[in-house]
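The values are calculated or read from the model by the stated rules, or taken from the named source; none is laboratory data. For clarity, every value in this text was computed on a predicted model and none was experimentally measured. Cβ atoms come from the backbone with ideal geometry, glycine included; neighbour counts cover every protein chain shown.
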Amino acid sequence: MFPIQQQLINSFKQGLHFHQVPLIMYHVILIVTICLNILYPVMVRSDEPVQLVYAASEWVPYTSKSEDNLPQGLYIDILESIFEDELGVSFTYLQVPWKRAQYYVEQGEADFIITVATGKRLEYAIASALPVLEIYLHIFTYADHPLKKNIDGIVSKEDIKRLQLTPVTNLGNGWHRDNIDSLGVSTHYVDN
């Protein structure tokens, strides 16, 4: 077992808590409904098999379905290791549009999603103490951009505003909305 897997398992056993997401670096965090945190002690003592529902949109290489309609991807592998191999809890992957996945967790129709903890999400769910995966984002622009040297030096969200750049990101990027758009930065949103 990898050390991060053991840390994640310990995080679930000790209870789930929110931690800050550093700027520039996304901590992709496992968001779990409050019900899961409350039910965990019952789940490990119950003779009844527990079946959790993980809701997500297709996001290759993290979550998708194979040609045989089987769940696959990095998140699926991590979740199988944590839930099935270590905790003896099975889960079902429900592939739906991203807004619906979040809605299902909010309504209790799915047990968890994997995403960045935003203020809105923390109104209806709780976040694990440790990230499932850390993703380092990079800024890409065209080679002859007149501000390329300045772009190479970006270290904060304020730099993006100061340079009057227009970021492009996916529609479901709540972190971007909370942290970049909130500064008055004009953003172009695209489908996944």
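I need the full set of residues from the range 87-113 which are of a type in the set (Ser, Thr, Tyr) and more than 14 Å from residue 124 (Cβ to Cβ), in order please. Walk me through how you get there before you give the answer.
Pass one, the range 87-113, residues of a type in the set (Ser, Thr, Tyr): 90, 92-93, 103-104.
Within the range 87-113, 90, 92, 93 meet the criteria.
Table: residues versus (1) more than 30 Å from residue 100 (Cβ to Cβ); (2) assigned to a loop (DSSP other than H, G, I, E, B); (3) touching an Asp or Glu at 6+ places or on another chain (Cβ under 8 Å); (4) at pLDDT 95 or above.
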{"residue": "128", "(1), (2), (3), (4)": "no, no, no, no"}
{"residue": "131", "(1), (2), (3), (4)": "no, no, no, no"}
{"residue": "135", "(1), (2), (3), (4)": "no, no, no, no"}
{"residue": "142", "(1), (2), (3), (4)": "yes, yes, no, no"}
{"residue": "151", "(1), (2), (3), (4)": "yes, no, no, no"}
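Per-residue answers, yes or no, for (1) touching a Leu at 6+ places or on another chain (Cβ under 6 Å); (2) of a type outside the set (A, V, I, L, M); (3) surrounded by 13 or more Cβ atoms within 10 Å (Cβ to Cβ); (4) within 19 Å of residue 50 (Cβ to Cβ):
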site: 83; (1), (2), (3), (4): no, yes, yes, yes
site: 87; (1), (2), (3), (4): no, no, yes, yes
site: 92; (1), (2), (3), (4): no, yes, no, yes
site: 111; (1), (2), (3), (4): yes, yes, yes, yes
site: 115; (1), (2), (3), (4): no, yes, yes, no
site: 138; (1), (2), (3), (4): no, yes, no, no
Answer residue from the range 153-164, given it is in a loop (DSSP other than H, G, I, E, B) and without any contact (Cβ under 8 Å) to a residue 40 or more places away in the chain and is nearest to the chain's Cα centre (by Cα) among those
154
